[in-house]
Amino acid sequence: MSEPNITENNGQSTGTPAVRPPVFFYIMLVLSMVNAGMTFISSIILGFAAPSIVEMNNNGTLPISEVFSVAVDSLSQMPQYYFFITALFWALSFYGALAMWKLRKTGFHCYTLAQLIILLLTVVILGKAYVALGDIMFTILFILYYATIVIVWKKRQDQSQQN
C-alpha cells in the first residue's frame, strides 16, 4: 500500500507535499488496533464460553488454582450479553483506529465514541467496581492524544493547501 506524497484537490495534484502526522501517532494507532482486535476476539470467546467455564468451576471439573477461581466467580456475575455488546463497540474502536490510520477524521469520532461507550457500559451493566482507574486513564490519554493530532494535523494541512 503506497501512500501518496502530494495532496489532492478535487482530483488534481496541487504539487504541495502532504502533511503527515508524526510516527508516534502511527505507533499509538497500532497499539489501539491490537488492543481493540484482541479484546474483540476475547469478548466473543468469553460470550460463548463463560457459561461453560462457570459451570465447570461450580462442578469442580475446571483444573485451575484458587487464584483463578476468584476470577471465574466474578465471571459468573457478568451477564453473557455484556460480552457481545462490548465486542460490537471494540469492533467500532478498531474501525476508528483504522480510519485514523487512513487519516480520516471520522475515525477519531468512531474511536472516541466506542471507547466512551465501552466505559459507560461497564459501569452501567457491571458496576463501578469493574472499571479500573488505568482503563479510564488510558482511554482519556489516547483520546486526548488523538484529538491533539487531529486538530494540529488539520491546521497544518489547511496551511499547506493555502501556500
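A few points about this structure:
- Answer residue from the stretch 51-100, given it is in a loop (DSSP other than H, G, I, E, B) and of a type in the set (S, T, N, Q) and is farthest from THR122 (Cα to Cα) among those: THR61
Residues are listed down the side, and each one gets a yes or a no for (1) surrounded by fewer than 17 Cβ atoms within 10 Å (Cβ to Cβ); (2) more than 14 Å from the chain's Cα centre (by Cα); (3) at pLDDT 95 or above; (4) among the hydrophobic types (A, V, I, L, M, F, W, C):
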position: ILE64; (1), (2), (3), (4): yes, yes, no, yes
position: PRO79; (1), (2), (3), (4): yes, yes, no, no
position: ALA97; (1), (2), (3), (4): no, no, yes, yes
position: TRP101; (1), (2), (3), (4): yes, no, no, yes
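- Residue match in the stretch 113-125 (condition: surrounded by 13 or more Cβ atoms within 10 Å (Cβ to Cβ), in contact (Cβ under 8 Å) with a residue 12 or more places away in the chain and small (Gly, Ala, Ser)): yes
- In the stretch 1-50, residue modelled with the lowest pLDDT [restricted to those that are in a loop (DSSP other than H, G, I, E, B) and surrounded by 12 or more Cβ atoms within 10 Å (Cβ to Cβ)]: ALA18
- Looking across the stretch 136-163, the residues that are under 17 Å from PHE108 (Cα atoms), of a type in the set (A, V, I, L, M) and exposed (fewer than 15 other Cβ atoms within 10 Å of the Cβ) come down to ILE140, LEU141, LEU144, ALA147, ILE151, VAL152.
The values are calculated or read from the model by the stated rules, or taken from the named source; none is laboratory data. What you see is a predicted model, and the numbers here were worked out from it, not measured in a lab. Cβ sites come from the backbone with ideal geometry, for glycine too, and all protein chains shown count toward neighbours.
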